[in-house]
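Engineer: Below is a structure I'd like to ask you about.
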Amino acid sequence: MGKLYLKNPVIAHLLVVIFSLLGAAFQPLFVFVGGGLALFSLLQSYKQVLSLFLVSTLTLWLVFYFFEGQESSHSWVWLVAFYYVPLILGSLILGQTSNQALSVFFLAILAIMVVLVLTVWGDPYLLELKNILQLAFEQTNTPVRQEALKAMVDAIVPALGVSVFISLTGSLFLGRYWQSCVYKPKGFGEEFRQFQLGKTLNLVLLGIMVLAFLGFEFAEQSFVVVCLLLSLQGLSLVHFFYQKKQWHRAVIIVFYLMLFIVLPLIFVWGWLFLVSLLIISAIIDGWFNLRYRFEVQAE
């Protein structure tokens, strides 16, 4: 995309409408919606933020109303509450602080809050979902045990938390990348390489992990979101040393191939070990600031 198009508020409005339509048409791919909404982080005017928000929500309401029926038109409310508003807030935090870690931590807390709401007040919703799944299996003549059905329903809550976190974070990163293309080329990479949660935020995440190991249901449901957030800091650390030590590009390509394709398909335990290394390195970096120590030694 050219810089002119991203700076033009009219084009920004059109992009938001397009991405909102794509997101409504392909509901599992909420990153399309977020891709348009991430343009919030490009804007300097609160009037434009409000204008884009109204355009995008109206677009979604019309899509749900005319294509899914009046009884489904309320779905846009949930999308606005759990996706649009958090993304706006996360973008504003990132815009004000220029701190990727803080804004992503905020989004992780919102995803954990979704898990908390479903854990405490979501029994009617989960029961309805169980009945829908059971009916679907019966209609397809697929035998399923009640234990397996319950396990599938129980997995919905952490899966929704993970989905919310990945969608919001991916959208925020996309918007920040676009912003760096316009105002500061290569700025996104520099910012991501400094992605560090710090001692206080690390302590909060470690507390949730300890509660999960002690068997607290809410913490167990939020465990994967916490691991994803720490893994992001671990990836940031990998990119930091990749840039500082000037490794060959093939190193980072092989690393991502192993992380996302090779190990998950061939050797799951190896993949878990690699992810664990990322998490442990993130915790160590949060407490001992490995990047600062490396730069001091380099001098």
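A short reminder: the numbers here are calculations on the coordinates, not readings from a lab. Remember, predicted model here, so these are calculated numbers, not experimental data. We place every Cβ from the backbone using ideal geometry, glycine too, and count neighbours over all the protein chains shown.
Engineer: Over segment 233-299, what is the mean sequence separation of C-alpha contacts under 8 Å (at least six apart), divided by residue count, expressed as relative contact order in percent?
Structural biologist: Answer for segment 233-299 is 44 percent.
Engineer: Decide, for segment 223-267, between rounded, prolate and oblate: order the square roots of the alpha carbon gyration tensor eigenvalues as a ≥ b ≥ c, take rounded if a/c falls under 1.5, and otherwise choose prolate if a/b is larger than b/c, else oblate.
Structural biologist: Oblate, since a/c reaches 1.5 and b/c is not below a/b.
Engineer: Can you work out the Karplus-derived ³J(HN,Hα) for every residue in segment 271-276? Use 6.51 cos²θ - 1.76 cosθ + 1.60 with θ = phi - 60°, whole Hz, and x for glycine or proline.
Structural biologist: After applying 6.51 cos²θ - 1.76 cosθ + 1.60, I find 5, 4, 5, 5, 5, 4 Hz.
Engineer: Sticking with this one: Using the Cα gyration tensor of segment 177-285, with a ≥ b ≥ c the square roots of its eigenvalues, what is the shape: rounded (a/c below 1.5), prolate (a/b larger than b/c) or oblate (neither)? Please list the in-between numbers first.
Structural biologist: Values: a/c = 2.19, a/b = 1.36, b/c = 1.61.
Oblate shape, in that a/c is at least 1.5 and b/c is the bigger or equal ratio.
Engineer: Figure the gain on full extension for Leu58 and Leu265 (residue separation times 0.36 nm, minus the Cα-Cα span) and round it to one decimal in nm.
Structural biologist: Value of the extension gain: 70.3 nm.
Engineer: Further, regarding this structure: Among 278-290, 261-273, how do they line up from the highest to the lowest mean number of other beta-carbon atoms within 10 Å?
Structural biologist: Working: 278-290: 17.7, 261-273: 12.5.
The packing order, highest mean first, is 278-290, 261-273.
Engineer: Then there's this: Which of the three applies to segment 149-226, rounded, prolate or oblate, going by the alpha-carbon gyration tensor with a ≥ b ≥ c and a/c under 1.5 meaning rounded? Spell out each step's value before the answer.
Structural biologist: Values: a/c = 5.44, a/b = 1.76, b/c = 3.10.
Oblate is the answer for segment 149-226, as a/c is 1.5 or above yet b/c matches or exceeds a/b.
Engineer: Explain nothing, just the number: relative contact order of segment 194-263, from Cα pairs under 8 Å at least 6 residues apart, as a whole percent.
Structural biologist: Contact order relative to length: 30 percent.
Engineer: In segment 144-299, if the dipole is taken from +1 on Lys/Arg beta carbons and -1 on Asp/Glu beta carbons about the Cα centre, which of Ala151, Ile208, Ile283 is farthest to the positive end?
Structural biologist: Ile283
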